[in-house]
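The values are calculated or read from the model by the stated rules, or taken from the named source; none is laboratory data. A quick note: this is a predicted structure, and the numbers were derived from the prediction, not measured. Glycine gets a Cβ as well: all are built from the backbone with ideal geometry, and neighbour counts include every protein chain shown.
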Amino acid sequence: MSEPLVLVPGLLCDARLFAAQMPALTARTSVRIAETRLDDSIEAMAQRLLANAPERFALAGLSMGGYVCFEVLRQAPARVTRLALIATQARPDSPEAAARRRELLALAERGELAEIISRLLPLFVHPEHLPRLAELVTAMATAVGKEAFVRQQRAIMARADSRPLLGRIACPTLVLCGRQDQLTPLAVHEEMAAAIPEATLVVLPRCGHLAPLERPEAVTAQLLTWLG
């Protein structure tokens, strides 16, 4: 058995994000899904994760989940045995990304979650996979809900710049992205992989931001290899 694994979903995502990987992962080790819907800061999300995690564990996060992973490493680096960063970045938001988040927050405060989802869907998923995944992604986002979305967006907007942390990450690290990811493009993954001492970069073709849903078999294979 590998060490226990904690998976951290991204914005407007729940455990269904990793459903395709779970059979293979749970055959290898015990798996927990971190709770990311209750807190309005990345620091609090990381504290909640650490309070509920085993003493030592492997850690994988997608997008916002990656920001939580970085914060876990700031708070308790010795507890993390290996790290997987999926469709995420160490940089803070660009001015354009911050402006988009403010627009989405304004929509949320008016109760327009359906409009938020319609705007995010083409950014989350490669066009090839959108017909298959639109219903699932919409269901996850609807289940997370408006209030949690507002908390998550505020947490993301206030997150720390994690680039100074990268060179201190001492565990084996997988950096995985879709080649067509519009939200966290290949360049930011190359930046992380170059700065983390024990990093492996994997780029999946025909894949956008939600790689575990878009390319489930490839992501499962990469996570199993990463777990050793």
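General observations
- Counted residues, the range 90-113 - those being over 21 Å from ALA158 (Cα atoms) and exposed (fewer than 12 other Cβ atoms within 10 Å of the Cβ): 2
- When residues of the range 68-124 are limited to those that are basic (Lys, Arg) and in a loop (DSSP other than H, G, I, E, B), the one farthest from PRO216 (Cα to Cα): ARG110
- Residue match in the range 206-217 (condition: surrounded by fewer than 20 Cβ atoms within 10 Å (Cβ to Cβ) and either part of a helix (DSSP H, G or I) or in contact with a Ser or Thr (Cβ under 8 Å, 6 or more places away or on another chain) (or both)): yes
- Taking the range 50-67 as the range and being buried (at least 24 other Cβ atoms within 10 Å of the Cβ), assigned to a strand (DSSP E or B) and either on the phi > 0 side of the Ramachandran plot or of a type outside the set (Gly, Ala, Ser) (or both) as the test, the residues that pass are LEU59, LEU62.
- Pairs meeting the criteria (first residue in the range 194-209 and at negative phi, second residue surrounded by fewer than 19 Cβ atoms within 10 Å (Cβ to Cβ) and assigned to a helix (DSSP H, G or I), beta carbons under 6 Å, at least 6 apart or on different chains) are ALA195/GLY167; LEU204/ALA218.
- Test set (1) in a loop (DSSP other than H, G, I, E, B); (2) surrounded by fewer than 18 Cβ atoms within 10 Å (Cβ to Cβ); (3) not acidic (Asp, Glu) - ALA221 fails condition number: (1)
- Yes/no for ARG37 being part of a loop (DSSP other than H, G, I, E, B) and at pLDDT 95 or above: yes
- In the range 3-32, the residues that are assigned to a strand (DSSP E or B) and crowded, with 17+ Cβ neighbours inside 10 Å: LEU5, VAL6, LEU7, VAL8, VAL31
- The range 162-178: number of residues that are assigned to a loop (DSSP other than H, G, I, E, B) and either within 16 Å of the chain's Cα centre (by Cα) or buried (at least 16 other Cβ atoms within 10 Å of the Cβ) (or both): 4
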